[in-house]
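> I have a structure I would like to understand better, so I am pasting it below and will then ask my questions one at a time.
No value in this document is a laboratory result; all are computed from the given coordinates. Note that the structure is a prediction, hence the values are computed from the model and not measured. Every residue, glycine as well, gets a Cβ built from its backbone with ideal geometry; the counts of neighbours run over all protein chains shown.
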Amino acid sequence: MGLSEWARDHLLLVVGLSLAFGTLTVVSVLGVVGWLLLALLGVGGASTLGTLLPLFLLGLVAGVPGTVVALIAAAVGLAGRASSAVSGKTEFAGVRLGQVATYVERESDLARLVGLSDLVEDFDTRSPEQRADERIERLKDRYVDGEISDYEFEQRMQRIMDEEGVHRDRTSAIDDELRATERN
């Protein structure tokens, strides 16, 4: 088990350690600053704090590095927790992001020029065939509802396959459904 996994699994302990070391550091800094102020002002309490000065310095020597290490471990643990919580949603988010990018690219010349779909391609875990099938499915629904003509349907379907880089040598389930719809 690596340090990051340990920090993720023991996040509460790591946060507690960072709070403890942070408190030790703050108390030590306040003790040293208080002793310096009292010594500069010439007040009698400086000798009392002076006896505690070695403890304050020891607190600083242990507290500062301990705080830094504990805060880094807490950040790593928290990032690990957040990453594992998001990983189940990543595939869905990537699919949705890919759909939005494809739509924006169809509607905007600037997005097409930039290649927005290519930029978010890493987030979309679907294959080009799956993306094309989904887009064609939505197009088919519009065709069946009578929103677009046969010619427009064929043109848009070809454009989708060209945009996704899909060349169909085989018939897909969508093609079979389209043929069945056309027969009816």
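> What are the ³J(HN,Hα) couplings of the range 45-55, residue after residue, when phi is run through the Karplus curve with 6.51, -1.76, 1.60 and θ = phi - 60°? Round to Hz, x for glycine and proline.
After applying 6.51 cos²θ - 1.76 cosθ + 1.60, I find x, 5, 5, 5, 5, x, 5, 8, 4, x, 5 Hz.
> At 7 Å along Cα-to-Cβ for each site, give me the label-to-label distance between residue 148 and residue 64 in nm.
Placing both labels 7 Å along Cα→Cβ, they lie 6.6 nm apart.
> If each residue's Cβ is checked for other Cβ atoms within 10 Å, how do 149, 4, 28 rank with the fewest at the top?
Final ranking by Cβ density, sparse to dense: 149, 4, 28.
> Hey, another quick one. Go from 0 up to the bin containing the longest alpha carbon distance in the range 3-88, width 10 Å each, and give me the % of pairs per bin.
19, 32, 21, 15, 9, 3, 0
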